[in-house]
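Structure, as structure tokens:
The values are calculated or read from the model by the stated rules, or taken from the named source; none is laboratory data. Owing to the predicted nature of the structure, the values given are computational and were not obtained by experimental measurement. FYI the Cβ positions are ideal-geometry reconstructions off the backbone, even for glycines, and counts take in every protein chain you see. Surface areas here come from the heavy atoms of the whole protein model, side chains and all, with no ligands, DNA or RNA. Shrake-Rupley method; radii C 1.70, N 1.55, O 1.52, S 1.80 Å.
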Amino acid sequence: MLNHPRIAEIVDTLVSAGGGRVTYDTGGGGREMLIAAGAQLAAETRAPLTIVEARVLHSETRAFVRELQPDIRCAVISAAEAALQPAGSINGVLAVHADVLRDVDVRQPLLAMAHSADNLIVARHDYSDTTLDALATPGLVVRLRDLTPPAHRPDPVAVRWAPPTWRSES
């Protein structure tokens with residue numbers, strides 16, 4: 001997924017901008033872009049990376065970060081754990097998948113975390129919560145159609161039509 005030119009372009013844009021937001025279609029690699037951009041930005045700024053993600057994805061997320069940037073400091077925490085952090089306790093790069101914002105009890109604590117982070121990267125679907133949108137700029141969009149090659153349409157076939165000629169059989 002990260003080798004796709006459009007995905008690579010978005011990751012590079014997020015890193016060069018020092019953060020931002022990517023809105024993506026389901027299956028469009030949003031989590032991969034979030035983790036890749038966060039890890040690369042943390043490596044380039046020599047800052048710690050904190051990823052807020054669903055608990056079920058923690059081990060997979062840690063493994064992916066180790067594969068991409070094995071030398072960075074990275075913490076993967078749930079939204080509930082993030083909500084327990086003291087205000088202003090997060091520095092470095094904060095990467096948040098907006099699905100965790102479905103829990104209204106974590107929105108304000110995550111907003112406070114986002115304000116204290118040096119860099120913020122957010123990935124979300126069109127239907128996800130927009131609490132962090134104003135802080136996560138630029139906002140980029142990737143659609144599944146951006147990731148698939150255009151369907152090849154065969155060249156039109158020229159048909160020459162002529163009225164039938166009737167022959168009498170005599």
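Among the numbered criteria (1) more than 16 Å from Arg124 (Cα to Cα); (2) without any contact (Cβ under 8 Å) to a residue 40 or more places away in the chain; (3) surrounded by 14 or more Cβ atoms within 10 Å (Cβ to Cβ), which single criterion is violated by Ala98?
In the conditions (1) more than 16 Å from Arg124 (Cα to Cα); (2) without any contact (Cβ under 8 Å) to a residue 40 or more places away in the chain; (3) surrounded by 14 or more Cβ atoms within 10 Å (Cβ to Cβ), Ala98 misses (1) alone.
Consider only pairs whose beta carbons are under 8 Å apart and that are at least six residues apart or on different chains; among these, list those whose first residue lies in segment 113-131 and is under 19 Å from Val11 (Cβ atoms) and whose second residue is basic (Lys, Arg) and part of a helix (DSSP H, G or I).
Ala123/Arg31
Considering Arg102, Arg55, Arg31, Arg107, which residue is within 18 Å of Met1 (Cβ to Cβ) and basic (Lys, Arg)?
Of the residues listed, the single one that is within 18 Å of Met1 (Cβ to Cβ) and basic (Lys, Arg) is Arg31.
Identify all residues within segment 45-69 that are part of a helix (DSSP H, G or I) and open to solvent by 40 Å² or more (accessible area, probe 1.4 Å); write none if there are none.
Within segment 45-69, Thr45, Arg55, Val56, Ser59, Glu60, Arg62, Ala63, Phe64, Arg66, Glu67, Leu68 meet the criteria.
Name the residue that is farthest from Arg143 (Cα to Cα), counting only residues in segment 7-25 that are open to solvent by 10 Å² or more (accessible area, probe 1.4 Å) and assigned to a loop (DSSP other than H, G, I, E, B).
That would be Gly18.
Only one of (1) free of Cβ contacts under 8 Å to residues at least 40 places away in the same chain; (2) more than 23 Å from Leu144 (Cβ to Cβ); (3) surrounded by fewer than 20 Cβ atoms within 10 Å (Cβ to Cβ) is not met by Ala39, so which one is it?
(3)
Just checking, does segment 25-41 include any residue being of a type in the set (S, T, N, Q) and more than 17 Å from Val122 (Cα to Cα)? So that I can check it myself, show each step before the final result.
Our first condition is that a residue be of a type in the set (S, T, N, Q); within segment 25-41, this holds for 26, 40.
Checking which are more than 17 Å from Val122 (Cα to Cα) leaves us with none.
Among the residues of segment 25-41, not one is of a type in the set (S, T, N, Q) and more than 17 Å from Val122 (Cα to Cα), which makes the answer no.
Looking at segment 79-91, can you tell me whether even one residue there is in contact with a helix residue (DSSP H, G or I) (Cβ under 9 Å, 6 or more places away or on another chain), within 22 Å of Thr13 (Cα to Cα) and not charged (D, E, K, R)?
yes
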